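Peer 1: Below you will find the structure I want to go over with you.
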Amino acid sequence: MIKKESRNVMREARHTRERNKIFGTSAVPRLNVFRSNSNIFAQIIDDENGVTLVSSSSLDKNLKLANGSNVEAAKVVGADIAEKAIKANIKKVVFDRGGYLYHGRVEALAEAAREKGLEF
């Protein structure tokens, strides 16, 4: 009988492959996306120092989202992370899609962040 790997195990393998090529520095940090079934999270990380510089998620109370697992919520989180990054004097980042396909919620978050001024 063939045992199929779970989707999350395959995603983690893709993310590991991707992380071998992507590294966030102090000058150009990494914008990481994590997508769960019910929420979406974004962090801007400096991998040299191992520090999260800015974070945002659909759970944030100030965003006042009724549903955190749709494209509209991803757009709001993307815009929020971009605004926080600009305030923290971060203009250029490296995008880390976290092993997910660049489609749907991940794409919406990235496009909203680009529209608000982040460069990647």
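Peer 1: Name the pairs: first residue in the stretch 1-23 and free of Cβ contacts under 8 Å to residues at least 40 places away in the same chain, second residue β-branched (Val, Ile, Thr) and not in a helix (DSSP H, G or I), Cβ to Cβ under 7 Å, at least 6 apart or on different chains?
Peer 2: none
Peer 1: Give the residue, chosen from 83, 107, 115, 119, that is out of contact with any Gly (no Cβ under 7 Å at 6 or more places or on another chain) and under 28 Å from residue 6 (Cα atoms). Please lay out each step first, then the result.
Peer 2: Numbers: 83 fails: under 28 Å from residue 6 (Cα atoms); 115 fails: under 28 Å from residue 6 (Cα atoms); 119 fails: under 28 Å from residue 6 (Cα atoms).
Just a single option satisfies the conditions, and that option is 107.
Peer 1: Tell me which residues, restricted to the stretch 85-120, are in contact (Cβ under 8 Å) with a residue 40 or more places away in the chain, among the basic types (Lys, Arg) and farther than 23 Å from residue 9 by Cα.
Peer 2: 92
Peer 1: Find the strands (runs of 3 or more DSSP E) located wholly in the stretch 7-111 whose residues include 3 or more that are surrounded by fewer than 20 Cβ atoms within 10 Å (Cβ to Cβ), among the polar types (S, T, N, Q) and out of contact with any His (no Cβ under 8 Å at 6 or more places or on another chain), and list them.
Peer 2: Details: elements: 30-35, 40-46, 51-57, 94-96.
Hits in the stretch 7-111: 51-57.
Only the coordinates and a few stated rules stand behind these numbers; no lab work does. Everything quoted here is computed from the prediction, not taken from an experiment. A quick note on method: Cβ atoms are made from the backbone with ideal geometry, for glycine too, and the neighbour counts reach across all protein chains shown.
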